[in-house]
Amino acid sequence: MAEASTVLRRLSPLATQNTVSIGFLPPMTRITLRGEPDAARRVGEVFRAELSPDPLRANAAGARAALWLGPDEWLLLAPEQAGLAASIEAACDREHGCVIDVSHRQVGIEVRGTAGATVLNAGCPLNLDLKAFPVGMCTRTVLAKADIVLWRREPELFHVECWRSFAPYVLGVLKQASRDCGF
Amino acid sequence: MLLIPCPYCGPRPELEFRHAGEAHVVRDPSLSSDAAWGAFLYARSNTRGVIAERWRHASGCGRFFNCLRDTVSDNILQTYKTGEPRPDLALDAATRRQLGDVAPDQSVAATEAAR
Ligand SMILES: [Zn+2]
């Protein structure tokens, strides 16, 4: 069966050079913004990365990134920096937006390698083909029984965010999927 | 699994959504009798055919939206943002024929006539 041999070629590390590595990312500063487009514009100026008004878009500027999560919701990621949330909140008119520091609520996981999408698809129902889920696309979705934020940073590099208490579960699911794929 | 077109995110797997009851149920602040209040809380159309429902893209953009779904075939005919009017039913019937859905539409017609 042609299909089975294709799957085997995709999955078997012996047959191909497919790789995947999965691991926790170092702590970082995370901020959520719920607000109107003008608040998002103001926050983008202070954060020095534009908050995309376009759905499912992540905008990375250096080590900082602004991820669209909903029509009035963004997740800002940056290297650890005390006081970032306060300076953004000061810039953002409270009447039009709500800024929350959620740095310790979430944990970042990196999935890197040619088999990254295959391993993620063990628990995520989205089409992760590069055409359907291109570089720069981000969304909240599900991984097995946990809610995650998924962001494709490079063709073979995914950033996964999950809530802290789910982190061992999410990492476990990904590692098990990776073992099931033969890595 | 159904593919549900979120008005914000596009077609997404059913797993990411939560059903949230019938749409366009309006709370009338002037309701004074227990019967009217009870009807607002509990009486639903329970339509056999096309029904407007609220759905939430819970594991996605998080937004509530409305959805026309056929309770006979489970076809999702159209989704639209909260606050927008329910799309024209005539159009829905055409869509239903297009989808090859041959279920009789009498109960829908009766429900619409009663409004
Ligand atoms: Zn959505």
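The values are calculated or read from the model by the stated rules, or taken from the named source; none is laboratory data. Quick caveat, the model's predicted, so the values are computed rather than measured. Counting neighbours? That spans all protein chains shown, and the Cβs are built from the backbone with ideal geometry, glycine included. Areas reflect the complete protein model, heavy atoms only, side chains present, ligands, DNA and RNA absent. Shrake-Rupley method; radii C 1.70, N 1.55, O 1.52, S 1.80 Å.
Of all positions in region A:160-176, none carries a residue that is among the hydroxyl-bearing types (S, T, Y) and within 14 Å of chain B (Cβ to nearest Cβ). Of everything in region A:62-72 that is within 14 Å of chain B (Cβ to nearest Cβ) and within 10 Å of A:L51 (Cβ to Cβ), the residue that is surrounded by the most Cβ atoms within 10 Å (Cβ to Cβ) is A:L67. If you go through region A:131-157 and keep only what is over 22 Å from A:P53 (Cα atoms), more than 14 Å from chain B (Cβ to nearest Cβ) and hydrophobic (A, V, I, L, M, F, W, C), you end up with just A:L157. For region A:46-61, the set of residues classified as within 12 Å of chain B (Cβ to nearest Cβ) and either in a strand (DSSP E or B) or under 20 Å from A:A90 (Cβ atoms) (or both) consists of A:R57 only.
Restricting attention to region B:1-28, the residues that are open to solvent by less than 80 Å² (accessible area, probe 1.4 Å) and touching a residue at least 40 places away in the same chain (Cβ under 8 Å) total 12. Checking A:R41, A:R140 one by one, the residue that is of a type in the set (K, R) and either assigned to a strand (DSSP E or B) or closer than 27 Å to A:V170 by Cβ (or both) is A:R140 and no other. Filtering region B:29-57 to residues that are more than 14 Å from every other protein chain (Cβ to nearest Cβ) and open to solvent by 70 Å² or more (accessible area, probe 1.4 Å) leaves B:P29, B:S30, B:S32, B:D34, B:A35, B:W37, B:Y42, B:R44, B:N46, B:R48, B:R54. The set of residues from region A:51-61 being closer than 19 Å to B:C6 by Cα and open to solvent by 30 Å² or more (accessible area, probe 1.4 Å) comprises A:P53, A:D54, A:P55, A:R57.
Scanning region B:16-30 for residues that are away from the ligand (no atom under 13 Å from the Cβ) and not in a strand (DSSP E or B) gives B:A23, B:H24, B:V25, B:V26, B:R27, B:D28, B:P29, B:S30.
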